[in-house]
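Any read-out appearing in this document is the output of simple, stated calculations on the displayed coordinates, not a laboratory observation. Keep in mind the model is a prediction, meaning the values are calculated, not measured. Backbone-built Cβ (ideal geometry, glycine too); neighbour counts: all protein chains shown.
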């Protein structure tokens, strides 16, 4: 299965790219995707994640075709 | 209900007047409460000369819609309007407009505050400030309550 991964704001700068693709044949969680794609970068403790535009916990399971986003605390308004 | 992300400057008072002219609000609403957020030229002791606001197209609009839905469950609202700037902006520029219409003032006051505070903590926007000698990301929003 294929997951589209997106990074925003300061987290995009730390990772070094805005978008990545993740392919796997096994059941995968949000945290697993991060560690597989960023083996040298610990997931910052305040990171937020969203699956298909809805907030998700780090142990949420991702599915084929999902869009998974990682971003820092929001600062709008 | 209207939610818009704007890439160009907007006039909040003109937007309010235009939206309030809708036939389904005319004569029905007894209360309008609104909040306008403006860009400051200083933050955490530093001068800020410009700011760039980034968002997550698609999720940002959906999260604001979810927040308004929550408010409509808690209070009897007639309508709601949320406009938010993204992109490059300058001090004094309006950043956000939240407006709600209801029959009576309590629902208008309380739901406007609720929507604004929830937007600050949940809607995916990120501010990047330009200081005199460098740029920096704003790392968190202050607690509004």
Inverse of mean 1/r across different Cα pairs in the stretch A:2-71, Kirkwood, Å: 11.9 Å
Simple spin-label estimate for residue B:2 and residue B:44 in nanometres, 7 Å along Cα-Cβ: 3.6 nm
Mean ellipticity per residue at 222 nm, deg cm²/dmol - from DSSP H runs of n ≥ 4 across chain B, formula -39500 (n - 2.57): -9500 deg cm²/dmol
Cα-based shape type of the stretch B:52-103, given that a ≥ b ≥ c are square roots of the gyration tensor eigenvalues and the cut on a/c is 1.5: oblate
Cβ neighbours within 10 Å from other chains - mean over B:115-121: 2
Order of A:34, B:101, B:137 under a 10 Å beta carbon neighbour criterion, fewest first: B:137, A:34, B:101
Ascending count of other beta-carbon atoms within 10 Å, so fewest first, for A:19, B:63, B:54: A:19, B:54, B:63
Cβ-based exposure ranking for B:100, A:5, in which fewest neighbours within 10 Å come first: A:5, B:100
Rounded FRET efficiency, nearest 0.05, which uses the C-beta distance separating residue B:66 from residue A:59 and R0 of 25 Å: 0.70
Three-way shape call for chain B based on the alpha-carbon gyration tensor, with the a/c threshold at 1.5: prolate
Average Cα contact separation per residue, chain B, under 8 Å, 6 or more apart, as relative contact order %: 35 percent
Modelled FRET efficiency - R0 35 Å, residue B:142 with residue A:26, Cβ distances, 0.05 increments: 0.25
Cα→Cβ-extended label distance, 7 Å offset, between residue B:21 and residue B:132, nm: 4.6 nm
Length-normalised contact order for chain A - Cα pairs under 8 Å, 6+ apart - percent: 42 percent
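Which of rounded, prolate or oblate describes the protein assembly as shown when judged by the alpha-carbon gyration tensor and an a/c cut-off of 1.5?
Verdict is oblate for the protein assembly as shown.
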